[in-house]
Amino acid sequence: MTLLEMKNISKAFPIEGGIFRKRIGFVQALKDVSIDVRKGETLALVGGSGCGKSTLARIVAGLLTPDSGDVLWEGRSLSTCARQERARLIQMIFQDPYASLNPKLSVGTQLMEVVRLALTPPSGTLSLKGEGKAGSMRATCVDLLESVGLSGDALSHYPFQFSGGQRQRIAIARALALQPRLLIADEPLSALDVTVQAQILALFKGLKSTLDLTFLFITHDLAVAANFADRIVVLKEGEVVEEGTPATTLVAPKHPYTRALLDAVPALPR
Amino acid sequence: MLSIEKLNVEYYRGGKTISAVRDFSLAINAGESVGLVGESGSGKSTVALSILRLIRPQEGHIVSGKIQFQGQDLLSLPPENMRDIRCRKIAMIFQDPFTSLNPVMRIREQMDEVLKAHPSLSASPSRLVEALEQVQLESTRVLNSYPHQLSGGQRQRVMIAIALLGQPSLILADEPTTALDVLVQKEILGVLFSLQKKLGLAMLFITHNLGLVTTYTHRIAVMKEGRLVEEGPSQAVFRQPSEAYTRQLLEAIPRLGRSTG
Amino acid sequence: MIKIYFQRFRQNHLAMAGLLIVGFLTVLALVSPWVSPKDPSLQDLTARLQGPSPSHWMGTDDLGRDVFSRLLLGTRISLSVGFVAVGISMSVGTFLGLWAGFFGGKWDTLLMRLVDVMLSIPTLFLILAVLAFLGPNIYNVMAIIGLTSWPGLARLVRGECLSVREREYVQAAKMAGVSTARLLFIHILPNVVAPILVSATLGVGGAILTESALSFLGLGVQPPTPSWGNILSIGRDYLHIAWWLSLFPTLAILVTVLAFNLLGEGLRDVLDPRT
């Protein structure tokens with residue numbers, strides 16, 4: 001069952017140059033891209049830098065509007081969707097864990113803010129624990145933190161007191177507070193050490209099965225995609241060049257770009 | 001060529017003194033490439049900065065230990081000799097190609113600066129062209145460009161070219177590919193290691209990814225929390241790690257052959 | 001968060017000195033009517049233009065009034081003009097800067113053109129013209145200084161806002177459905193506030209200097225209300241026979257502006273986003 005459809009998405013960014021900042025050209029970031037994401041699957045969007053994958057992610061997230069084309073959720077266009085409604089469907093984890101959290105607010109403030117939003121209508125479906133609004137919101141925050149492998153103590157601390165991996169976990173907790181159906185992860189591992197990458201990937205796998213999440217996973221590393229994805233879509237310069245399961249694309253890649261990405265994975269001695 | 005003996009380095013952070021490197025010893029022979037692997041905070045970058053004595057007095061200091069380079073004790077050298085070492089004998093390549101180059105100067109000017117700073121180097125334009133050709137960059141265009149007009153991979157190649165200007169015998173590469181995507185990473189690793197072989201340079205390659213260095217380097221040294229945990233020929237360490245921590249690092253490497261979750 | 005900032009601030013001795021002096025002056029300004037040794041408006045024509053003495057620590061002016069007491073009362077004027085003027089410029093500048101920086105487009109263009117226009121008008125002449133027209137009194141002085149110093153701050157805030165707006169945590173809050181007001185005031189403002197605070201403390205010094213200049217020229221606080229500027233104005237006429245009428249107000253202005261500058265520099269060091 002198709003959960004999300006990206007239909008004929010095109011997006012161009014103007015290049016400004018010269019002293020008067022005239023528009024001297026365009027960078028076509030996405031050219032008529034159409035991709036489907038099925039319910040419950042992990043779709044990996046793979047490509048080198050500049051291929052348009054982050055732009056596409058932001059369009060699906062609602063942070064950018066496409067020049068043409070549309071994003072459909074269960075058949076319905078998301079362009080008419082209010083921000084609050086979209087927030088309960090799609091959430092995002094960003095690449096830089098050091099910029100994903102507001103440095104001036106405590107972890108608790110940032111989580112509570114989202115939990116509070118989750119509890120207001122239209123569909124405040126979060127289960128509450130304990131009596132009293134504030135107490136139960138706090139309990140929900142603690143639950144969220146524990147579900148990503150952190151303790152409730154984190155609530156009173158500030159982001160700078162945490163490592164990159166821990167900050168990424170907090171960002172994940174925040175994203176999950178609204179109980180989204182689709183989680184977009186924009187190169188969530190790139191800024192982390194390999195050992196931490198492995199831990200966060202394991203966390204994603206665990207959350208995917210317990211919460212029945214659908215993932216749109218953006219990465220430039222085919223090895224990471226191979227580890228986690230059900231399907232892989234390869235993007236090059238704003239166009240889809242190959243699509244398939246890890247078994248097909250990694251074993252018998254059809255497009256030379258896919259082959260280049262495959263070669264780029266550091267070879268390990270046998 | 002380079003021998004580090006029982007190095008101890010401390011940093012000052014928030015009023016406290018933290019031990020970043022503890023009793024670290026490592027030797028690098030001429031023409032050999034050694035991979036220094038460890039997680040963030042393991043002290044690997046500190047080792048490189050200590051060799052070149054680039055740690056600022058307000059940030060930290062080398063407590064004890066010896067660093068011998070080609071017979072000279074680096075830690076007791078006077079500043080002018082140290083400057084000479086930094087350009088002509090040992091060169092360093094940093095992680096972030098976006099901030100390692102001055103954004104308001106053209107590449108030609110930045111490379112010229114390096115040549116002018118060392119009177120023993122001839123400041124001829126042909127040297128710049130040669131240096132860039134070594135890293136397979138088209139010299140006329142690149143020399144006239146500003147850093148922001150070049151891609152991340154091109155910038156890192158420029159950094160390598162600058163490092164080679166002084167014709168050093170040892171290169172310290174501190175996570176040079178961490179900020180680049182896989183395709184560019186492969187290119188840069190190719191350029192770096194082929195130059196290393198061709199010019200017979202010794203190299204210390206620092207990374208958090210054990211997988212990167214296994215096929216490229218002769219030896220691997222693993223660091224954890226400031227200490228050397230394991231060391232040996234790359235193939236041997238990879239196939240038969242003797243330490244649990246090394247095994248952990250190996251496990252963490254994302255591999256293509258794994259089944260999907 | 002504030003605790004950590006204060007700890008860092010305490011380590012900067014010059015900044016602490018600035019803070020203490022500012023604090024002391026503020027207290028002085030508040031209690032001056034009750035602690036001044038003599039009545040500042042009491043004229044004693046038999047004791048005109050007397051130098052510093054045990055009974056008049058800073059001497060007397062041309063009407064026999066105690067300079068020290070008048071200087072003390074002048075602290076009220078200087079500090080209140082400083083604080084209120086900066087308060088006005090901070091509120092207006094921050095609000096407009098945030099609005100332009102966040103919404104961009106037409107709002108941004110509009111604000112930036114307005115800022116350009118205001119910054120190209122010579123401020124002093126504008127102030128003099130307005131005061132001559134509306135009449136010189138302390139309230140007009142506060143208002144006009146405030147209303148001519150907001151453009152610089154607005155531009156500063158708008159610039160910071162433009163970069164903070166793109167940060168991932170703002171994008172994440174947007175995606176969570178956080179309201180625009182909350183985005184602006186809870187997420188963006190605290191991350192933009194550092195240069196505002198620094199600019200504000202330095203601005204107080206500037207406002208005090210401007211008020212002194214205006215009062216010196218006769219277009220600020222009018223006698224008999226004492227202001228450091230108008231004491232200086234009297235001093236000018238008697239410079240060669242009554243140096244104390246020029247020296248002490250000058251020292252007062254100097255120490256006050258210096259204290260605010262040190263405070264501002266200290267804040268800048270503490271709030272520098274390098275940690």
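The values are calculated or read from the model by the stated rules, or taken from the named source; none is laboratory data. All values derive from a computational prediction rather than experimental measurement. Cβ: placed from backbone, ideal geometry, glycine included. Neighbour counts: every protein chain shown. Areas reflect the complete protein model, heavy atoms only, side chains present, ligands, DNA and RNA absent. Shrake-Rupley method; radii C 1.70, N 1.55, O 1.52, S 1.80 Å.
Charges on Cβ only, +1 for Lys and Arg, -1 for Asp and Glu, centred on the Cα centroid of the protein assembly as shown; of C:Trp228, B:Leu132, C:Gln11, which one is farthest towards the dipole's positive end? Farthest along the dipole direction, towards plus: B:Leu132. Using only the Cα atoms of chain C, build the gyration tensor, take square roots of its eigenvalues as a ≥ b ≥ c, and label the shape rounded, prolate or oblate: rounded if a/c is under 1.5, else prolate if a/b is larger than b/c, else oblate. Since a/c reaches 1.5 and a/b is larger than b/c, the shape of chain C is classed as prolate. For the peptide B:148-154, the mean number of other protein chain Cβ atoms found within 10 angstrom of a residue's Cβ is 1.
Take each peptide in B:78-88, A:93-103, count the other Cβ atoms within 10 Å of every residue, and average; sorted highest first, the result is A:93-103, B:78-88. Rounded to the nearest Hz, the phi-derived 3J(HN,Hα) couplings of region C:60-68 under the Karplus curve 6.51 cos²θ - 1.76 cosθ + 1.60 (θ = phi - 60°) are 10, 9, 5, 10, x, 7, 6, 5, 4, where x marks glycine and proline. The angle between the Cα long axis of helix A:133-147 and the longest principal axis of the Cα atoms of chain A comes to about 50 degrees, rounded to the nearest 10. Using a simple spin-label model with pseudo-atoms 7 Å out from Cα toward Cβ, C:His240 and A:Thr80 lie 9.0 nm apart.
Provide, as a two-decimal number, the C-alpha radius of gyration of region B:5-120 over 2.2 N^0.38 Å, N being how many residues it has. Let's see the in-between values first.
On the way: Rg = 15.9 Å, N = 116, 2.2 N^0.38 = 13.4 Å.
Normalised Rg, Cα atoms only: 1.18.
Estimated from helical segments only, the mean residue ellipticity of chain A at 222 nm is -10500 deg cm²/dmol, where each DSSP H run of four or more residues counts as -39500 (n - 2.57). Reachable aspartates and glutamates from B:Lys66, Cα under 13 Å, same-chain residues fewer than 8 places away excluded? B:Lys66 reaches B:Glu5, B:Asp23.
Which value, in debye to the nearest 20, gives the size of the charge dipole of the protein assembly as shown about its Cα centre, when Lys and Arg are +1 and Asp and Glu are -1 at the Cβ? Numbers along the way, then the final one.
On the way: 78 positive and 66 negative charges, 114 e Å.
It comes to approximately 540 debye.
Excluding ligands, DNA and RNA, the accessible surface per residue across region B:54-129 is 56 Å² with a 1.4 Å probe. The amide H of A:Phe217, built 1.01 Å from its N in the peptide plane, has A:Leu43, A:Ala44, A:Leu45, A:Ala185 as neighbours under 5 Å, considering only residues 5 or more places off or on other chains.
Quick one: which of C:89-102, B:56-69, A:217-230, B:140-153 comes out on top by average Cβ neighbours within 10 Å, and what's the full order, highest first? Please report the intermediate quantities before stating the final value.
Details: C:89-102: 21.3, B:56-69: 14.3, A:217-230: 24.0, B:140-153: 16.0.
Descending packing order for the listed peptides: A:217-230, C:89-102, B:140-153, B:56-69.
Charge tally for B:Gly65 (other residues, Cβ to Cβ under 14 Å; Lys, Arg +1; Asp, Glu -1): +1.
Mind checking B:207-219 for the average number of partner chain beta-carbons within 10 Å of each residue's beta-carbon? If you can, show how the numbers build up before the last one.
Values: counts 2, 6, 5, 4, 6, 3, 1, 4, 4, 2, 0, 0, 0.
Other-chain Cβ atoms within 10 Å of each residue's Cβ, averaged: 3.
In this structure, the pairs whose alpha-carbon distance is over 23 Å, taken from A:Lys11/A:Lys208; B:Lys16/C:Lys3; A:Lys205/B:Lys44, are A:Lys11/A:Lys208; A:Lys205/B:Lys44. Percent of Cα pairs in the protein assembly as shown per distance bin of 20 Å, from zero to the largest separation: 13, 36, 33, 15, 3, 0.
Can you compute the helix-only [θ] at 222 nm over chain C? Use -39500 (n - 2.57) per DSSP H run of at least 4 residues, normalise by all residues, nearest 500 deg cm²/dmol.
Working: 10 runs with 201 residues, N = 275.
Roughly -25000 deg cm²/dmol at 222 nm, from the helical runs in chain C.
Distance between the 7 Å Cα→Cβ label points at B:Glu130 and C:Met112: 4.8 nm. Taking label positions 7 Å along the Cα-Cβ direction at both C:Leu126 and A:Ser68, the computed distance is 4.8 nm, reported to one decimal. Of the residues A:Leu150, A:Leu178, A:Leu63, the one that moves most in a GNM of chain A with alpha-carbon contacts below 10 Å is A:Leu63. If R0 is taken as 41 Å, the Cβ-Cβ distance between A:Thr109 and C:Phe24 corresponds to a FRET efficiency of 0.70. Cα centroid separation, region A:167-200 to region B:36-92: 36 Å.
What order, most packed first, do the peptides C:21-29, B:176-184, B:154-162 have when packing is the mean number of other Cβ atoms within 10 Å of each residue? Mind dumping the intermediate values first?
Numbers: C:21-29: 15.4, B:176-184: 22.2, B:154-162: 24.4.
Averaged packing, sorted descending, gives the order B:154-162, B:176-184, C:21-29.
How much FRET efficiency would the formula 1/(1 + (r/R0)^6) give for A:Lys31 and A:Arg259, where r is the Cβ-Cβ distance and R0 is 22 Å, rounded to 0.05?
On the way: r = 22 Å, r/R0 = 0.98.
The computed FRET efficiency comes out at 0.55.
Filter the GluC sites (Glu not before Pro) in region B:132-233 to those in DSSP coil with at most 15 other Cβ atoms within 10 Å of their Cβ, and list the result.
Numbers: sites: B:Glu133, B:Glu138, B:Glu187, B:Glu225, B:Glu230, B:Glu231; in loops: B:Glu138, B:Glu225.
Within region B:132-233, the qualifying GluC sites (Glu not before Pro) (loop, at most 15 other Cβ atoms within 10 Å) are B:Glu138, B:Glu225.
Which of C:Gln171, C:Gln50, C:Gln222 moves most in a GNM of chain C, Cα contacts under 10 Å? With Cα springs under 10 Å in chain C, the top fluctuation among C:Gln171, C:Gln50, C:Gln222 is at C:Gln171.
Let me know the longest stretch in chain A that avoids all GluC sites (Glu not before Pro) found in a DSSP loop with at most 14 other C-beta atoms within 10 Å. Formally, the longest exposed-site-free interval is A:132-270. For C:Gln222 and A:His157, a Förster radius of 41 Å and the Cβ-Cβ distance give a FRET efficiency of 0.15, rounded to the nearest 0.05. Taking the Cα centre of chain B as reference, the dipole from Cβ charges on Lys and Arg (+1) and Asp and Glu (-1) amounts to some 80 debye.
Remark: accessible area buried at the A-C interface is about 2200 Å², both chains counted, probe radius 1.4 Å.
Under the combined filter of DSSP loop state and at most 14 neighbouring Cβ atoms within 10 Å, region A:3-86 retains these chymotrypsin sites (Phe, Trp or Tyr not before Pro): A:Phe20.
With viscosity set to 0.890 mPa s and temperature to 25 °C, compute the Stokes-Einstein D of chain B, Rh being the Kirkwood radius across alpha carbon pairs; µm²/s, no decimals. The diffusion coefficient I find is 128 µm²/s. The spacing between region B:154-213 and region A:134-152, judged by their C-alpha centroids, is 44 Å.
Along region B:33-40 the Karplus relation, 6.51 cos²θ - 1.76 cosθ + 1.60 evaluated at θ = phi - 60°, assigns HN-Hα couplings of 10, 10, x, 9, 10, x, 6, 4 Hz to successive residues, with x for each Gly and Pro.
Counting Lys +1, Arg +1, Asp -1, Glu -1, what net charge surrounds B:Ile18 among other residues with beta carbon under 12 Å of its beta carbon? Let's see the in-between values first.
Details: positive: B:Arg13, B:Lys16, B:Arg22; negative: B:Glu10, B:Glu59, B:Glu225.
So the surrounding residues net to 0.
Give me a single rounded figure for A:193-202: the average over its residues of other chain Cβ atoms within 10 Å of their Cβ. Could the numbers behind the result be given before it?
Values: counts 11, 15, 12, 4, 5, 6, 1, 0, 3, 1.
Shielding by partners across A:193-202 averages 6.
Using the Karplus relation 6.51 cos²θ - 1.76 cosθ + 1.60 with θ = phi - 60°, the per-residue 3J(HN,Hα) values for region B:103-118 come to x, 9, 10, 5, 4, 4, 5, 5, 5, 4, 3, 4, 5, 5, 5, 10 Hz, with x marking Gly and Pro.
Measuring between alpha carbons in the structure, the pairs from A:Lys7/A:Lys236; A:Lys53/C:Lys174; A:Lys53/A:Lys254; B:Lys224/C:Lys174 lying more than 28 angstrom apart are B:Lys224/C:Lys174.
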